[in-house]
Amino acid sequence: MAGALLDTSVVLTAPADVELPSSAAISVVTLGELHAGVALARDDATRDRRRAGLAAVRSAFLALDVDADVAQRYGDVLALARKQGRSAKATDLLIIATAAAHRRTLHTLDVRQARLARAAGAAVSGVAGRED
């Protein structure tokens, strides 16, 4: 494996004392989810805290783009999910596809996402039993 890819669930909830893999990267999809969190904040204090968190994530991790290889893997994962009758968020599928295309271990706290990633042949780590 070429390193780790952190799902948004890990980026949002990893305790400060947890050491993340030094090779960790994120998907640009995670940046999009964090941007949405800033935009959806109900008050200025929350918006400022989320904006600071987004800036910290941007500076701490390489953000991997959704390119043609990721798009192909996305199609494969989407087809697998539909064949198996699974419902999955497009963001989760794109993050799985990014991990698979870049041969990175997906670190997630989302049990459903982890199951689908494993079914698609991706390496998974960090599942703690949360179903989003």
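The values are calculated or read from the model by the stated rules, or taken from the named source; none is laboratory data. From a predicted model like this one, the values you see are computed outputs, not experimental measurements. With ideal geometry, Cβ positions are generated from the backbone for all residues, glycine too; neighbour counts draw on all protein chains shown.
Brief remarks follow.
- With a requirement of 2 or more residues that are over 16 Å from the mean Cα position of the chain (by Cα), the helices (runs of 4 or more DSSP H) lying completely within segment 40-132 that satisfy it span 44-60, 68-83.
- Scanning segment 38-52 for residues that are surrounded by 14 or more Cβ atoms within 10 Å (Cβ to Cβ) and among the β-branched types (Val, Ile, Thr) turns up just one, Val38.
- Verdict on Val70 being β-branched (Val, Ile, Thr), in contact with a Leu (Cβ under 9 Å, 6 or more places away or on another chain) and within 18 Å of Ser9 (Cα to Cα): no
- Test result for Asp48, under 25 Å from Pro21 (Cβ atoms), out of contact with any Gly (no Cβ under 9 Å at 6 or more places or on another chain) and not small (Gly, Ala, Ser): no
- Hey, Ala2 touching a Lys or Arg at 6+ places or on another chain (Cβ under 7 Å) and exposed (fewer than 15 other Cβ atoms within 10 Å of the Cβ) or not: yes
- Ser9 meets all of the listed conditions (1) at pLDDT 95 or above; (2) within 15 Å of Ser125 (Cα to Cα) but one, namely (1).
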